[in-house]
Amino acid sequence: MRRIGGIGSTIRRVVLALVTLAMLAIDVAPALAVIDTSADAADTQALLDRWNSDLTRIDMALDRVGVSDYDLRNLREQTTAIVNSAAAFADGLTPQVAAAAAQVKELSPIQGADAAVSDAIRDELASAQKLYADLSGSQQQAQAIAVHGTFTSSQINDRRRRLFTGQLLERNASLIDPSLWSDAAAEVPGVVARSNELVSGWVRVLQVRNDRTAIALVLTVMAAMLLLLIPGRRMLIRRVRSALPAPGQSSDRRSRVMVATTVVALNTLVPTGVLIGGHSILNALDLSPDRIDQLWWGVTSAVALFSLGFGVSRALLAPWRPDLRLVEIEHAIARRIFHFTVAIAAMQALSVFIERFSRVAYTGLPLIIAADGLLSTISAVLIIMTVRMLNHRPPAEEDEEDPAEEPILRRMALVVAGVAAAVAIIANLMGYVALGRFITAQIAWVSTIVALLVLLIMLADELTSAWFRREGVVGSRLIASIGFAPRSITQAGVLFNGLVRALLVATAVLVVIAPWGVDSTSVFESVRQVFFGFRVGSISISFSTIIAALAVFAIGFAITRAMQNWLETRFLPTTRLDSGLRNSIRTSVGYLGTIAAAAFAFGYAGLDLSNVAIVAGALSVGIGLGLQAIVNNFVSGLILLASGRSAPATGSRSAPRKAS
């Protein structure tokens, strides 16, 4: 039975995919720096041929039988690299193709003209036409390679999903089969021997160095890691606790959310960072063989998963500090649920470690099935006990509480989790150990991500409310620099909070669906194609360019508002101009700045202002027919501004005169 990719490998893939998404904006520049589009035609053709041959090799590899998920991931990464390089190459040729086409157009004789063309012009035209043909041909080949690579990448994703489904529904020996446990017990001595061989091999690597310094460095790294993991983490947590209010004292919601976030960060980032740092040191000193390297990553993934589950449970439930608890639940029940969730996290982390260890120690299939089935069954039982504990209500509360007041999503989630855990137990007993392990792992994984999402949304709400107010960090600067009104600051805070929430939910969904055979990198690749440009016929649409143009307009508009604020508060009061003329100057600067910002934004987006003028001419017909009154009022306002006879509103109205 081929092993199903576990949560540990999912963590690494998701982190790498998120880093890939962050680097997409600067991914084109390095490709253009490596590829010299002005190189000779032979070099360019050789590069294109190499990309074509690589894609052909990848297509042939896909036709083979028995390709593993690891091989498919490597093929997908190679395909993505080719697609990105070919697309960057084609985009880099776009200005050169346009310049060559313009040169051909300028050198071509005008139709109907009788003027003679010199031989020099003919030769130059022939050279320009050849250059244009070479450049456009190379660009079309690169675009075709990018399309081919995109199709190949989709085939790889389909193959991975089919492989994932086949592995998930593969049936093996049942957990109640005595022969499974006897075969697993027979495998234990061999696993112990291979583990000793693994450790002795690492010792031989150190001995080959013939340097006691290497052994001393390894021991020093291990000791430093232990100090950072145990006393160092406890010291940080102790310092955080010293800043908390004493037990029994009331604390506001913001303090509780900040404490919970700090608890998650300390319990997750410190152990994971220490292990990654130790691994980096050993790799830099060339003291980590390949098998030790794989085992180290297994330990790191297991520790990261357990630390995340432990930290989130401790942050939300606060089993020893009810005054810091973020969820409304009884103290005794909270402590029991905390112990259950920590045990579930330990089972899942141990399963991740066993998966990686089985690859390194060449563990037999019976022992793998027995270990996975046992850990999955224990996790399912703990999940059912946790669901029952969450649904527990004292008799007095059951009589008084209205079932309609409880959130329906919470009740449905608990029911689904309990039923899924029962299905996992049945699957393990029937021999579908891979399915049972996958179900329990997903229940634990989804619960952890949802709990972390709730905590991060609470943090975003508290930070937004603190920043976007009159005395806040962001609000005070917006008022001082741009002159935002308090209501505008509140609206900006609401929009910012909504954007952060949308990003958090999208990230959580992506992390949740990653183990389901929907690879995050393929999702990011689709997002990249939509965000950084796609073609509809001969029209290229790029949301990144549109967003950048909007950002340019926003910057120009902000500069305009800052200039208006400076004129109104600093410069104009020093002059002898009356209030009407001051208001006219301020408003005119606003109009001119807005028009200039729009012009810069259109230019950045690549829009030809002459085409905009044509559209404006067409709109003028509609304006002349249906919007005469609005245009007349606007022009009248401009005339009043130019004459300086306008004055700022005073905010009060004169009382109407009584009829005599």
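Considering every alpha-carbon pair of segment 119-181, the percent of pairs per 10 Å bin, from zero through the bin containing the longest distance, is 17, 17, 16, 14, 12, 9, 7, 4, 3, 1.
Computed over the alpha-carbon pairs of segment 241-350, the distance histogram in 10 Å steps reads 14, 35, 27, 15, 8, 1 percent, short to long.
Remark: spin-label model distance Ala596-Leu550 equals 2.4 nm, labels positioned 7 Å along the Cα→Cβ axis.
For the peptides 274-280, 196-202, the ranking by mean Cβ contacts within 10 Å, running from highest to lowest, is 274-280, 196-202.
Computed 3J(HN,Hα) for segment 311-328, one whole-Hz value per residue from the Karplus formula 6.51 cos²θ - 1.76 cosθ + 1.60 where θ = phi - 60°, is x, 5, 4, 5, 5, 7, 8, 6, x, 10, 9, x, 5, 9, 6, 9, 10, 7, glycine and proline marked x. A Förster radius of 35 Å combined with the Cβ-Cβ distance from Leu169 to Ala193 puts the calculated FRET efficiency at roughly 0.55. When +1 charges are put on Lys and Arg Cβ atoms and -1 charges on Asp and Glu Cβ atoms, the dipole computed for segment 246-310 relative to its Cα centre reaches about 420 debye. How many angstrom lie between the Cα centre of segment 140-176 and the Cα centre of segment 315-360? Measuring centre to centre over Cα atoms gives 34 Å.
Projecting label points 7 angstrom from Cα along Cα→Cβ for Ser200 and Leu285 puts them 2.4 nm apart. Note on surface exposure: Ile439, Ile479, Ile595 rank Ile595, Ile479, Ile439 by accessible area, highest first, 1.4 Å probe. Given R0 = 56 Å, the distance between the Cβ atoms of Tyr604 and Met389 translates into a calculated FRET efficiency of 0.45.
Basic side chains Lys and Arg get +1 at the Cβ, acidic Asp and Glu get -1 at the Cβ, and with that the dipole of segment 50-202 about its Cα centre reaches some 300 debye. Residue separation of Thr575 and Trp181 scaled by 0.36 nm, minus their Cα-Cα distance, works out to 132.4 nm of gained length. For segment 431-512, list log₁₀ I(q)/I(0) at each q in 0.21, 0.27 Å⁻¹, using the Debye formula over Cα point scatterers of equal strength and ignoring solvent, two decimals each. Ignoring solvent entirely, the Cα scatterers give -0.90, -1.14. The packing ranking, built from the mean of other Cβ atoms within 10 Å per residue, places the peptides 177-189, 374-386, 353-365, 328-340 in the order 374-386, 353-365, 328-340, 177-189, highest first.
With 0.36 nm allotted per residue and the present C-alpha distance subtracted, the Ala332-Thr490 stretch has 52.8 nm of extension available.
In the context of the full set of protein chains, residues of segment 166-208 present 61 Å² of accessible surface per residue (probe radius 1.4 Å, heavy atoms only). For Leu269 and Ala120, the difference between the fully extended length at 0.36 nm per residue and the C-alpha to C-alpha distance is 46.6 nm.
The values are calculated or read from the model by the stated rules, or taken from the named source; none is laboratory data. Since the model is a prediction, treat every value here as computed from it, not as a measurement. For neighbour counting, all protein chains shown are included, and Cβ atoms are generated from backbone atoms with ideal geometry for every residue, glycine included. Protein only, heavy atoms only, side chains kept; ligands, DNA and RNA dropped before computing areas. Shrake-Rupley method; radii C 1.70, N 1.55, O 1.52, S 1.80 Å.
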